[in-house]
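A.B. asks: Okay, here's the structure, questions in a sec.
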Amino acid sequence: GEGSTALSARFIKSGANDYLNKPYCHEEFFCRVIQNVEYIENIEAIRRASNTDYLTGLPNRRHFFTRINANLRIAPSNIVIGIIDVDLVRYINEHHGYEQGDHALKEVAALLERNFPNSHISRFGGEEFCIYSSGQDIDTITKCFERFRNEVENKRLSIEGEEIDVTVS
């Protein structure tokens, strides 16, 4: 309602993030709505950046542990956790540069997403990725891992005219 202008300061000090005095200006109202929408979008962008690996776009290690801890409380049977190490990344980095090593990691990340659509995947560190799967029978997930390993093994990267085999352990 209508009141003193000190009232809005008191509301803000008490934790309100916005306040309009009556009668209010329509332009001020729309500016405040837009400002709050931008605020929410910025928070979401920060949250996304803090939970995503900048190189591969996969969830990062911290996000992985958060999701897994939540899932372990409600997880069905057949929990499988796999750690995948991309071989030869150090060789590629040293002989062809880090940009090419990054390219190899991005390729493996894309293959992981394609081969494990119902699993939680993250970049765990350097050239390591982690996969968490639950509720699938062990034969199905084992076949997914083997199919992924074969697909990576058959993928040849052409780097500066040299064909490089990338494998995973």
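The values are calculated or read from the model by the stated rules, or taken from the named source; none is laboratory data. Everything quoted here is computed from the prediction, not taken from an experiment. Virtual Cβ from ideal backbone geometry, glycine too; neighbours counted across all protein chains shown. The protein model used for the area step is the full one, side chains on, heavy atoms only, and it has no ligands, DNA or RNA in it. Shrake-Rupley method; radii C 1.70, N 1.55, O 1.52, S 1.80 Å.
A.B. asks: Any idea what the dipole of segment 10-107 comes to, in debye rounded to 20, about its Cα centre with Lys/Arg Cβ at +1 and Asp/Glu Cβ at -1?
C.D. replies: Working: 12 positive and 13 negative charges, 151 e Å.
Magnitude of the dipole: close to 720 debye.
A.B. asks: Give me P(r) over the chain, computed from all C-alpha to C-alpha distances, binned every 5 Å, as integer percentages.
C.D. replies: 1, 7, 13, 14, 12, 9, 7, 6, 6, 6, 6, 5, 4, 2, 1, 0
A.B. asks: Express the carbon and sulfur contribution to the solvent-accessible surface of the chain as a percent, rounded to the nearest whole number, probe 1.4 angstrom. Don't jump to the answer; show the numbers that get you there.
C.D. replies: Working: 5750 of 11070 Å².
Ligands and nucleic acids excluded, carbon and sulfur reach 52 percent.
A.B. asks: So, one more: Pick from Val80, Val108, Val33: which is most flexible by mean-square fluctuation in a GNM of the chain where alpha carbon atoms under 10 Å apart are linked?
C.D. replies: Val33
A.B. asks: I need the peptides 124-134, 88-98 ranked by packing, meaning the mean over residues of other C-beta atoms within 10 angstrom, with the highest value on top. Each step should come with its number before you reach the end.
C.D. replies: Details: 124-134: 18.9, 88-98: 15.2.
Going from most to least packed, we get 124-134, 88-98.
A.B. asks: Can I ask one more? At what distance in nm do the modelled label points of Gln35 and Ser77 sit from each other, each positioned 7 Å from its Cα along Cα→Cβ?
C.D. replies: Taking the two extended label points, one gets 5.8 nm.
A.B. asks: For the chain, what does the accessible surface come to per residue with a 1.4 Å probe? Please give it in Å².
C.D. replies: Numbers: 11070 Å² over 169 residues.
Here the per-residue accessible area is 66 Å².
A.B. asks: Would you mind calculating the gained length between Asn93 and Asn150 on full extension (0.36 nm times residue separation, minus the Cα-Cα distance), in nm to one decimal? Spell out each step's value before the answer.
C.D. replies: On the way: separation 57, 0.36 × 57 = 20.52 nm, distance 2.31 nm.
Net length gain for the segment: 18.2 nm.
A.B. asks: Could you give me D for segment 65-144, from Stokes-Einstein at 4 °C and 1.567 mPa s, where the hydrodynamic radius is the Kirkwood radius over C-alpha pairs? Units µm² s⁻¹, please. Intermediate values should be presented prior to the final figure.
C.D. replies: Numbers: Rh = 13.8 Å.
The Stokes-Einstein estimate is 94 µm²/s.
A.B. asks: Below 8 Å, C-alpha to C-alpha, sequence gap of six or more: please give me the relative contact order for the chain in percent.
C.D. replies: Numbers: 176 pairs, mean separation 36.0, N = 169.
Relative contact order here is 21 percent.
A.B. asks: Put a dot 7 Å past each Cα toward the Cβ at Arg10 and Ala45; how far apart are the dots in nm?
C.D. replies: Result for the modelled spin labels: 3.7 nm.
A.B. asks: Please pull out the direction-averaged projected area of segment 1-86, using the convex hull of its alpha-carbon atoms, in nm² to one decimal place.
C.D. replies: With the hull built on Cα positions only, its mean projection is 10.2 nm².
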